[in-house]
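The values are calculated or read from the model by the stated rules, or taken from the named source; none is laboratory data. The shown structure was predicted, so the numbers you read here are calculated from the model rather than taken from an experiment. Reconstructed Cβ throughout: ideal geometry from the backbone, glycine too, with neighbour counts over all protein chains shown. SASA here: full protein model, heavy atoms, side chains in, ligands and nucleic acids out. Shrake-Rupley method; radii C 1.70, N 1.55, O 1.52, S 1.80 Å.
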Amino acid sequence: MFIIVESLSEQGWTPRLAWLLKHMCPSTAAAVFIVGAVTSLACNVLNNLPMAILFSRALQHPIFAQVDDGSRRGAMFALIIGSNVGANFTLVGSLAGLMFQGIASQKKREIGYFTFMRWCAPVMVVQLAVSCAILVAELAVVK
């Protein structure tokens, strides 16, 4: 996965991602909720650690640095939330999901991909929304 992230960076995807995120984050609240949601979904494609590296590079890129300080700080904190919360959505979102499936299998409990997702999706969505809302409130208080 880390090789894929490095390849994407070498092929110029970091500035493209930075540009896209810059245009999706017009305010602090939008930055928090959008980056939180996008990274939560992305970590189920790339796994949470490589996704966090790719997005942190994009958020530190000079293109994204053009957004206001509040949006930039909010996006960075939302990246942390997304990489941790989003990893609970599918079995491949993090190494822990794969380990969970392996341990369950050893104990003769088969947990399929969609069963895991059906159990975790409602919890993840609520957890992500509440975490992002709390972050927006904190950033409004601590300027």
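For the reader, a short list of remarks on this structure follows.
- Yes/no for Ser71 being modelled with pLDDT under 95 and open to solvent by less than 40 Å² (accessible area, probe 1.4 Å): no
- Gly97, sole failed condition from (1) buried (at least 18 other Cβ atoms within 10 Å of the Cβ); (2) free of Cβ contacts under 8 Å to residues at least 24 places away in the same chain; (3) closer than 19 Å to Pro15 by Cα: (3)
- Filter pass, Phe64 being more than 18 Å from Leu135 (Cα to Cα), under 13 Å from the mean Cα position of the chain (by Cα), aromatic (Phe, Trp, Tyr) and open to solvent by less than 20 Å² (accessible area, probe 1.4 Å): no
- Note on the stretch 74-94: residues that are buried (at least 20 other Cβ atoms within 10 Å of the Cβ), among the aliphatic types (A, V, I, L, M) and either at pLDDT below 90 or in a loop (DSSP other than H, G, I, E, B) (or both) amount to 2.
- Test: Val32 is assigned to a helix (DSSP H, G or I), surrounded by 22 or more Cβ atoms within 10 Å (Cβ to Cβ) and out of contact with any Pro (no Cβ under 6 Å at 6 or more places or on another chain): yes
- Answer residue from the stretch 35-49, given it is at pLDDT below 90 and either in a helix (DSSP H, G or I) or among the aliphatic types (A, V, I, L, M) (or both) and is surrounded by the most Cβ atoms within 10 Å (Cβ to Cβ) among those: Cys43
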